[in-house]
Amino acid sequence: MTGPSATFGFRDVDASEKAGLVRGVFDRVARRYDLMNDLMSVGVHRLWKDAVAARLNPQPGETIVDCAGGTGDMARRFAKMARRAQERRGGEDAKIFVVDYNAEMIMAGREKGSAPEMAWAVGDAQALPLPDGSADAYVISFGIRNVTDIPAALREARRVLKPGGRFLCLEFSRPVTEALRAAYDAYSFRVIPEIGARVANDRESYQYLVESIRRFPDQKAFGAMIGEAGFSQVGWTNFSGGVAAMHTGRAI
């Protein structure tokens, strides 16, 4: 490597190479992405996502950025909740921008169906195609660990948010006990790549995804990064004993 490095699973690669490597992973997994999430988590990821959507509490007229939103799984939740709130008390339609770096993921999402509140775009979490201070909320689910420069992506989230705007990040994290960590490691490294091989015919991509989780900062360290990017009231909620965590903050 001749320049800055970035993590790609357990490997360190030139930072300029990571985006292309990650794009290749998601090109391969896009068509089976939601199915694999159900299989790998035995459906529990749906409960985590529901909890994030409830915490966000989308409202009529709000502009929400669903970054790394690929298949639109979260955006559809937000659109449904905002529409229900609109039916109760009126107001304008919410605007939900689904932005993902991978065109194959966006295509897979659009094929699953959209909603009037949703708009789709291929874009980089480190350079979002949105004006400064234009969003009421920013959500990124299982995407932040795949960006090349996490602090840059967090600063970009702050840039597009209005002062006081809500930041929510759902990501795999660090189990809180040694026993759970050991069991989770055994499951992740032995079972998940095998599911990938059998269902998606792609062991390599799921080996990367498991490794990328292990290289991601723990709850406290990631919370500090969020604060350094310009957010206040930073906190987190562990799900399933810390297998995943929801980090939250407010744009200063």
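Here are some notes:
- Net +/- balance of residues flanking A200 in space, Cβ distance below 9 Å, scoring K and R +1, D and E -1: +4
- Sorting E171, E17 by the number of Cβ atoms found within 10 Å of their own Cβ, with the fewest placed first, yields E17, E171.
- Extension gain (nm, one decimal) between L180 and A119, 0.36 nm per residue minus Cα-Cα: 18.0 nm
- E17 paired with A152, simple spin-label distance in nm, labels 7 Å along Cα-to-beta-carbon: 1.7 nm
- The local environment of L180, defined by Cβ-Cβ distances under 15 Å, has a net charge of 0 under the rule Lys, Arg +1 and Asp, Glu -1.
- Checking every one of the trypsin sites (Lys or Arg not before Pro) in region 10-117 against DSSP loop status and a limit of 16 other Cβ atoms within 10 Å picks out K112.
- Residues in region 4-36 reached by a label modelled at V191 [backbone nitrogen below 15 Å; 7 Å Cα→Cβ]: 36
- Measuring r between the beta carbons of D93 and E228 and using R0 = 51 Å, the FRET efficiency lands at 0.90.
- Candidates R145, R158, R215, ranked by Gaussian network fluctuation over the chain, Cα under 10 Å, top entry: R215
- For the pair F10 and A51, label points projected 7 Å from Cα toward Cβ lie 2.9 nm apart.
- Antiparallel content of DSSP bridges confined to the chain, in %, to 5: 50 percent
- Local electrostatic count at P131 - Lys and Arg +1, Asp and Glu -1, tallied over other residues with Cβ under 14 Å: +1
- Within the straight-line cut-off of under 21 Å between alpha carbons, the lysines reachable from K162 are K95, sequence neighbours fewer than 8 places apart in one chain being disregarded.
Bear in mind that the values in this text are calculations on the coordinates, not laboratory data. Predicted model, so just to flag it, every value in this text is computed and none were measured. Glycine also receives a Cβ, built like all others from the backbone with ideal geometry; neighbour counts cover every protein chain displayed.
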